[in-house]
Amino acid sequence: MAHIYIYSPSGAVRDKSAFKRGVSRLKLLGHEVELDVDALSRHTRFAGDDGMRLAAIHRAAASGADVALISRGGYGLTRILPGIPYKAVAKAISKGTHFVGISDFTAFQNAVLAKTGAVTWAGPALGEDFGAEQPDDIMEACFDDMVSGQGEGAGWRLSAHNRPALSARREGVWAKDAVLWGGNLAVLTSLLGTPYFPQIRSGVLFLEDVGEHPYRIERMLTQLLHAGVLAQQKAVILGQFSNYKLTPHDSGFKFLSVVDWLRLQLKVPVLTDLPFGHVATKVCLPVGQPVSLLVEAQDALLLWAHPGH
């Protein structure tokens, strides 16, 4: 199957049992798993100090692996973005290495896109996904499609809350040859105004987050809105926003309130329900790859050619 290199560019591994289960699961699926020498290192909350984590990225890029998979997200990549070997990463990608991850990995992905234009993959992490007590079938199938080079798209069913967006446009192709980009909302917003924020016009922006109350989600979206980022896209797609708690003070203010508000601010379509985020069921998405967005009835579909083609 595939040679998978496991490394830790962000937070220290907190759940070593999940780490071990993830490695066992990948081996059970037939993959060759190589562990970075510092995959389980710790320096305060990080998986090693900044220099160690940069060295891990160097080793991942030089590994020749089919997949360079993060152990987990957390925090840590934004502070080392200036030291990332972008040329080496882009060269590894051109030779076939898929850099895959989620959450804090958004910083790496968008920095690589801004600096080199190379495609990385928004997808699973080792511990959170393959190390789950029961890994999700769809997640594994999408990962397998990516590894085998067979993945050419991701589809999902749109809930009734998308009716305003659907009624405003005809069925068919909503975007064509639009660069797919984005990831974790908090991490992406933290890159705004830096050299690591991609300048994407007429793209398809996808967003997700975890543990962020809807008012904080709205506040971050407001920053992207006022910066002119959202209006420059062909579509904004919201994935899963999970693990937050509403309070009596909200008085009916909820995540869908944010979606309704955002649609009033934009002329571009805002869709929801993308199966991606800090949830078990997640698709793999090529960050930086031109895609087409198709909508038919209650179904949405992102289509892409194989990266590099």
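The values are calculated or read from the model by the stated rules, or taken from the named source; none is laboratory data. Bear in mind that the values here come from a model prediction, so they are computed numbers and not experimental data. Glycine gets a Cβ as well: all are built from the backbone with ideal geometry, and neighbour counts include every protein chain shown. The accessibility values were calculated without ligands, DNA or RNA, using every heavy atom of the protein model including side chains. Shrake-Rupley method; radii C 1.70, N 1.55, O 1.52, S 1.80 Å.
A few notes on this one:
- Listed conditions (1) assigned to a strand (DSSP E or B); (2) open to solvent by 10 Å² or more (accessible area, probe 1.4 Å) are all met by residue 166, apart from (1).
- Residues within region 258-270 that are touching a Phe, Trp or Tyr at 6+ places or on another chain (Cβ under 9 Å) and either surrounded by fewer than 20 Cβ atoms within 10 Å (Cβ to Cβ) or aliphatic (A, V, I, L, M) (or both), tallied: 1
- Residue 300 vs. criteria over 21 Å from residue 106 (Cα atoms), surrounded by 21 or more Cβ atoms within 10 Å (Cβ to Cβ) and touching a Leu at 6+ places or on another chain (Cβ under 7 Å): yes
- Out of 96, 155, 149, one residue alone is at pLDDT 95 or above and out of contact with any strand residue (DSSP E or B) (no Cβ under 7 Å at 6 or more places or on another chain). It is 96.
- The residue that is surrounded by the most Cβ atoms within 10 Å (Cβ to Cβ), counting only those in region 169-223 that are in contact with a helix residue (DSSP H, G or I) (Cβ under 9 Å, 6 or more places away or on another chain) and of a type in the set (Asp, Glu), is 208.
- Pair list, Cβ under 8 Å, 6 or more apart: region 249-266 residue over 20 Å from residue 208 (Cα atoms), other residue modelled with pLDDT of 95 or more and open to solvent by less than 60 Å² (accessible area, probe 1.4 Å): 250/214
- So residue 276, is it aromatic (Phe, Trp, Tyr), over 24 Å from residue 99 (Cβ atoms) and buried (at least 21 other Cβ atoms within 10 Å of the Cβ): no
- Failed condition for residue 141, given (1) within 20 Å of residue 66 (Cβ to Cβ); (2) among the small types (Gly, Ala, Ser); (3) crowded, with 17+ Cβ neighbours inside 10 Å: (3)
- The criterion of at least 1 residues that are within 25 Å of residue 137 (Cα to Cα) and small (Gly, Ala, Ser) is met, among strands (runs of 3 or more DSSP E) falling completely within region 209-309, by 235-242, 299-304.
- Residues in region 227-241 that are open to solvent by 20 Å² or more (accessible area, probe 1.4 Å) and closer than 17 Å to residue 187 by Cα: 227, 240, 241.
- Against the criterion of being crowded, with 18+ Cβ neighbours inside 10 Å and either part of a helix (DSSP H, G or I) or in contact with a His (Cβ under 9 Å, 6 or more places away or on another chain) (or both), residue 13 does not qualify.
- For first residues located in region 36-56 and closer than 13 Å to residue 83 by Cα, partners that are part of a helix (DSSP H, G or I) and lie 6+ apart or on another chain with Cβ distances below 9 Å form the pairs 50/79; 50/80; 50/83; 51/80; 51/83; 53/80; 54/80; 54/83.
- Only one of the numbered conditions (1) more than 23 Å from residue 201 (Cβ to Cβ); (2) in contact with a strand residue (DSSP E or B) (Cβ under 7 Å, 6 or more places away or on another chain) is violated by residue 136, and that is (2).
- For region 246-254, the criterion of being under 19 Å from residue 161 (Cα atoms), of a type in the set (Gly, Ala, Ser) and modelled with pLDDT under 95 is met by none of the residues.
- Of note, residue 240 satisfies the criterion of being within 29 Å of residue 126 (Cα to Cα) and not hydroxyl-bearing (Ser, Thr, Tyr).
- The residue list 45, 79, 72 contains one member that is over 27 Å from residue 147 (Cβ atoms) and either at pLDDT below 95 or under 19 Å from the mean Cα position of the chain (by Cα) (or both), which is 79.
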